[in-house]
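Undergrad: Can you keep this structure in mind? I'll have questions shortly.
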Amino acid sequence: MSLQTKYAEIIAAAQSSGVANLLVREQDGVLYIDGEAPSEAAKQQLWDIYGRIDPEFRSGDMVMNVTVAAGAAPAAAAEYEVASGDNLSKIGSKFGLSWKELYDANKDVIGDDPNKIFPGQKLSIPAK
């Protein structure tokens, strides 16, 4: 199995989350993934996937050098799972945030339409 096949889920997640300047290369039995994530949440998603593939990070066959873009949203203070009947205003009010603050922190998860959230979706709650 090639390393790009082994870590295909990470590569796909990096592409879909908008990692800029994404560079994936294999050298001397090690896969290198470099780029700039649009948010701390997008970067963390890549590390979470890596943790599922190699739970103890012992393989030593991948190096991930993904930074967070300057001016990106700060790391989340909490995570919230959307329930039936939720909207961004309702969720934001629970955490003392406006719907816009919540949307801005989760654009990479929600997409272009802030009205299209769904039950089970996980949103990052930014620190105040």
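The values are calculated or read from the model by the stated rules, or taken from the named source; none is laboratory data. In this text, all values refer to a predicted model and were calculated from it rather than measured experimentally. We place every Cβ from the backbone using ideal geometry, glycine too, and count neighbours over all the protein chains shown.
Undergrad: Can you find even one residue in the stretch 50-63 that is surrounded by 12 or more Cβ atoms within 10 Å (Cβ to Cβ), among the small types (Gly, Ala, Ser) and under 19 Å from Phe118 (Cβ atoms)?
TA: Within the stretch 50-63, not a single residue is surrounded by 12 or more Cβ atoms within 10 Å (Cβ to Cβ), among the small types (Gly, Ala, Ser) and under 19 Å from Phe118 (Cβ atoms).
Undergrad: Run down Ala13, Ala37 and say which single residue is of a type outside the set (D, E, K, R), surrounded by 14 or more Cβ atoms within 10 Å (Cβ to Cβ), out of contact with any strand residue (DSSP E or B) (no Cβ under 9 Å at 6 or more places or on another chain) and not assigned by TED's automatic domain parsing to the domain that holds Lys94.
TA: Ala13
Undergrad: I've got another one for you. Answer yes if at least one residue in the stretch 95-102 is surrounded by 12 or more Cβ atoms within 10 Å (Cβ to Cβ), within 23 Å of Thr5 (Cβ to Cβ) and charged (D, E, K, R), and no otherwise.
TA: No, the stretch 95-102 contains no residue that is surrounded by 12 or more Cβ atoms within 10 Å (Cβ to Cβ), within 23 Å of Thr5 (Cβ to Cβ) and charged (D, E, K, R).
Undergrad: Then there's this: Within the stretch 4-36, which residues are touching a residue at least 12 places away in the same chain (Cβ under 8 Å) and more than 27 Å from Val109 (Cα to Cα)?
TA: The answer is Glu26, Gly29, Val30.
Undergrad: Looking only at residues that are closer than 17 Å to Pro38 by Cβ and free of Cβ contacts under 8 Å to residues at least 24 places away in the same chain in the stretch 108-128, which one is surrounded by the most Cβ atoms within 10 Å (Cβ to Cβ)?
TA: Of everything passing the filter in the stretch 108-128, Ile110 is surrounded by the most Cβ atoms within 10 Å (Cβ to Cβ).
Undergrad: Given the structure, is Lys122 closer than 30 Å to Val24 by Cβ, touching a strand residue (DSSP E or B) at 6+ places or on another chain (Cβ under 9 Å), at pLDDT 90 or above and basic (Lys, Arg)? So that I can check it myself, show each step before the final result.
TA: Working: closer than 30 Å to Val24 by Cβ: yes; touching a strand residue (DSSP E or B) at 6+ places or on another chain (Cβ under 9 Å): yes; at pLDDT 90 or above: yes; basic (Lys, Arg): yes.
Yes; evaluated as a whole, the condition is true for this residue.
Undergrad: Looking only at residues in the stretch 55-78 that are touching a helix residue (DSSP H, G or I) at 6+ places or on another chain (Cβ under 9 Å) and more than 23 Å from Asn21 (Cβ to Cβ), which one is modelled with the highest pLDDT?
TA: Ser59
Undergrad: Within the stretch 13-109, which helices (runs of 4 or more DSSP H) (wholly inside it) include 1 or more residues that are within 17 Å of Pro126 (Cβ to Cβ) and among the β-branched types (Val, Ile, Thr)?
TA: Working: elements: 40-53, 88-94, 99-105.
In the stretch 13-109, the matching helices (runs of 4 or more DSSP H) lie at 88-94.
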